[in-house]
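The values are calculated or read from the model by the stated rules, or taken from the named source; none is laboratory data. On a predicted model such as this, the values are computed, not experimentally measured, just so you know. Here the Cβ is made from the backbone with ideal geometry for all residues, glycine too, and neighbour counts use every protein chain on show. Keep in mind that these areas ignore ligands, DNA and RNA; they rest on the heavy atoms of the full protein, side chains included. Shrake-Rupley method; radii C 1.70, N 1.55, O 1.52, S 1.80 Å.
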Amino acid sequence: MDFDFSYFNGFIANSNSYYAHLPKETECSRRPELLSEHSALVYAYAKEIISKQSLGGIIENLIESSIPAGLDVRKINPLISDLFYKSIAYHDLGKVNKKFQIARMKNRADVLSVSHGFDSQHSIIGVYLYLADFFSTLLKTELTEAEQVFLSNVSLYLSYSIYKHHAPCLNESQNDTVWDNEDLFVLKSYLSLFKIDLNDEQIGLFHNCFLKNANFNFFFERYNSDVIKKKNTFPLFALCKLNYSLLTASDYLATAHYMNGWTEMYSDYGLIDDALRQKIISNIERNKTYNKAVYKTIAKDDIPNADQLREPSNNNLNELRKGIAIEVIQNIRKNTNKNLFYLEAPTGSGKTNASMLALAELLRADRQHEINKVFYVFPFTTLITQTYKSLSETFGLNVDEIAEIHSKASFHTGNYEDDYLNYLDNLFVNYPISLLSHIRFFDVLKTNGKETNYLLHRMANSIVIIDEIQSYSPKTWDKVIYFINNYAHFFNMKFIIMSATLPKIGEILDDKGLAGDFVYLVKDKSKYFQNPNFCKRVNIDYSLLECPCATKEDKCDYLSRLKECLFEKSEEFAAQNELHPQSVHTIIEFIFKKTASEFYSIVKEDNDFFDEVFLLSGTILEPRRKEIIDKLKSSALRSKKVLLITTQVVEAGVDIDMDLGFKDKSIIDSEEQLAGRINRNVNKPRCTLYLFNCDTEKTLYGKDDRYRFAREMDFEDYKSILDSKDFDRLYKMIIDKTINNNKSSLIENIHDLEGYVATLNYAEVDKQLKLIKSLNDSVFVPIDIPIQYLKNDIPILDEFEIHHGEYVSGTDVWDAYANVIFNRETDFVETKIKIKKLQSLMSAFSFSIFKGGNDYDVLKTYGEEKLGYIYLNSYVDVYSFENGVIAENLKDSNFI
């Protein structure tokens, strides 16, 4: 059925008397928007989104897959489809409430007055009308009791989208007793306004037999309690989430349409069209010399033989990278109908480029042009920024074709000069290629939050490339693969999971592999991982582990001895460095920020060797971090002796090439990640990573199974895994444990998540997968930052009239931000746009800290909580631009 204006004009009695929206106060000459107009426009936007993003087949498949065995699919399918689309079209019908018309629409027309206890609310009245309309259909349809009960529950599930369409999130829907409420019975008078075919007797049945039984456990209690175990309940959960996404997104766009006086429908949803598809396919073959060589080699069928490339050299390394790229292309071409892929290759082997080749090949093979979006998913913003640049250059992308989506990203101005239209693109992530954080991505798949769930409909028909998945806690792996597996199957999403240390999480759910088995894009990884160009690129020295961990009492002595060892090894390397004579770039990584800071102080007190000593930790501001990384990569410093003292912020995503490494032992894949920052191009002999024991890793990793299993294994096995890069040995132990845990009915496991999905307990589903358990707070440092580090932010500084000479004052930036927050004259959306514009600038003066604990409390004594930040107003003695938090100056601190 087409729910257009003429439909609603006939469906709502006296429809010209009911308003949905008023114009802006500055446009009082415009007439109000009729409820019939808004309802038709919302549905038109929903149809447009469904058509443009090819969602019709996905919706139909979700409907069919949600119907339990034993029920008549042909009979029930169209009834659920009708419920799905009517929930969108009918969602605002409750605005016929006279109290709403008077209070919100200033409408004094003589409309139906009904006495009830819902004041000016409209959503609950809309739910009543929607369910009454369904009940009239139910009475006319010949159904078994089981079919009636199932359909009744689907109507309740979908009515929840109506009930919560103005709320910030969906709650525990199965616990919401609003439907089983006799106060609803007085709403029956509203039925006279609509063409809903119910007589008085049938209305009585609706009240006493339907609404009085309405709760979200109704179906599972009355129909078949075994259905949760026997049938995948994800499709119904996803159907309802998708319905909520489409309803709220369409409502938002339709409201924006009227409020902004658009004459044409908003229609650019940021999809991969034919021109962009061809540009990506063409540019991957010609924009980079190494990719030209890859395709030329494929054409000649002259594939590099890894066994003949064992001599360590930069040339052989590049040939091996070419071999990996060719394998990826060939295995994609053989498996274009598959949806799940592993891309496992050594650190420094060109995984990002290989992922771009895979992406282009999937688009090339997509002859039906079903794939219309790409998402890159990362655990670190540094990776997002680096990959954004690589993708833009390799594919020749314009600013309206790619966007970074994360908390530090600036307001993305792509297609439009109009800020509001750009705001809509930011809000709905309307870009063909988007790079976002893993938190944001998985929130979209599972969340009950309205604004995040806007994006769910955009997930369909996409390629998703997830990098560094080993950074997720092993406790989340089964939940992560549960969502990946189901969305790959039901939303036609193609997932490429890549890492140098890749846990095969697909093995956890092998018996439920809806989306099929994972395809290995590199079939025999050992020929690369165990090639000397990768596994011998960095020697790992374990001799320092013979010394016990430092204690609180002897830590200063331990660090002094460690310093002497580091200086000795660095001096030896510099003396023998033929590529860059008398130069050495050494990195040392600690587990805790305080230890890194203490070591930095020891080095600075007595340094007669290094030309430059940098400290890089999680409290260093982004401009300083970028300055340090840029210096390390510059040719000017390559002839110098440089020491980088850091924490784990450099392990993944920081594109630096060091000569020597020292690392406080933690977990195996962490060790490998740091090794990946050393001798990246195999052009330097004697490059070594020295592992040592300073701080106990148990403090951070005690609950991580990687730490537990590694601690229990023989040390020779530990060394063997790290030297041979056979991380599967460790990951198999963890995955086997997860599989066994999931067989138990006595401990919390994947079945809890499945149970919450089955009962649409949105809040508990959201809690089940937390990629980061600890809460963070942002600390704002009102320090002066040299303008040279903020050149990209000059347009924002000018727009907000923030003075910038040689330095930019953090106090001035904060004042501009506070003015936006407290300015009551701008409307809500304009304020959000301004906040988003300032976000990148604010992040330049901010760092994150774990919320709670002694360190957090101590740091707070130097500032105050306001506007969502800890404002560090007394930073002078405890913070510097060069070194971040000066831990030793904090009172009573064990700052980690």
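Helices in the chain, meaning DSSP H runs of at least 4 residues, each add -39500 (n - 2.57). Divided by all residues, the mean residue ellipticity at 222 nm is -14000 deg cm²/dmol. With the charge dipole of the range 383-482 set up from +1 on Lys and Arg Cβ and -1 on Asp and Glu Cβ about the Cα centre, the Cα lying farthest toward the positive end among the listed residues Ile465, Val429, Leu397 is that of Ile465.
Computed from point charges on the beta carbon alone (+1 for Lys and Arg, -1 for Asp and Glu), the dipole magnitude for the range 442-581 about its Cα centre is near 720 Debye. Each label was represented as a point 7 Å from its Cα along the Cα-to-Cβ direction; for Phe185 and Ser724 these points are 7.5 nm apart. At the residue level, Thr347 shows approximately 10 square angstrom of accessible surface with a 1.4 angstrom probe and all protein chains present.
How much length would be gained if the chain were fully extended between Asp274 and Gln368, taking 0.36 nm per residue of separation minus their Cα-Cα distance, in nm to one decimal?
32.7 nm
Per-residue SASA remark: Met265, around 70 Å² accessible (1.4 Å probe; ligands, DNA and RNA not included).
When we measure straight from the Cα of Lys47, which lysines land under 18 angstrom away, once same-chain ones fewer than 8 places off are left out? Those lysines meeting the cut-off are Lys86, Lys241. In straight-distance terms, cross-link reach from Lys665 covers every one of the lysines whose alpha-carbon lies under 20 Å from its own, apart from those fewer than eight places away in the same chain; here that gives Lys536, Lys552, Lys555, Lys563, Lys569, Lys593, Lys594, Lys698, Lys703, Lys719, Lys725.
Counting only residues at least eight positions apart within a chain, or on another chain, the lysines with an alpha carbon under 17 Å from that of Lys408 are Lys389, Lys626, Lys791, Lys832, Lys834, Lys836, Lys837. Measuring nothing but how far apart in sequence close Cα pairs (under 8 Å, 6+ apart) lie, relative to its length, the chain scores a relative contact order of 12 percent. Using C-alpha pairs below 8 Å separated by at least 6 residues, the relative contact order for the range 757-896 is 30 percent.
Applying 1/(1 + (r/R0)^6) with R0 = 25 Å to the Cβ-Cβ distance of Glu716 and Cys549 gives a FRET efficiency near 0.80. If only the Cβ of Lys and Arg carry +1 and only the Cβ of Asp and Glu carry -1, the dipole of the chain around its Cα centre is close to 1520 debye. Amide H contacts of Ile870 (H built 1.01 Å from N, in plane; Pro and chain starts excluded): Ser778, Val779, Phe780 sit under 5 Å, all sequence-distant by 5 or more or on other chains.
Checking (1) 13, 41, 34, 11, 1; (2) 13, 42, 37, 7, 1, 0; (3) 13, 40, 30, 14, 3, 0 against the coordinates, the calculated P(r) over Cα pairs in 20 Å bins from 0, in percent falls under label (1). Bridge orientation summary for the chain: considering DSSP beta bridges with both residues in this region, about 25 percent are antiparallel. Distance from the C-alpha centroid of the range 722-788 to that of the range 578-621: 33 Å, rounded to the whole angstrom. Stretched out straight at 0.36 nm per residue, the stretch from Glu201 to Ile303 would grow longer than its current Cα-Cα span by 28.9 nm. Distance between the 7 Å Cα→Cβ label points at Ser744 and Asp877: 5.1 nm.
Using the Cβ-Cβ distance between Thr289 and Arg310 with R0 set to 22 Å, the FRET efficiency from 1/(1 + (r/R0)^6) comes to roughly 0.35.
Of the GluC sites (Glu not before Pro) found in the range 109-191, those that fall in a DSSP loop while having at most 15 other beta-carbon atoms within 10 Å are Glu142.
Among the protein heavy atoms, those of Arg286 account for about 140 Å² of accessible surface (1.4 Å probe, every chain in place).
Among the chymotrypsin sites (Phe, Trp or Tyr not before Pro) within the range 397-439, those in coil by DSSP and having at most 14 neighbouring Cβ atoms inside 10 Å are Tyr416.
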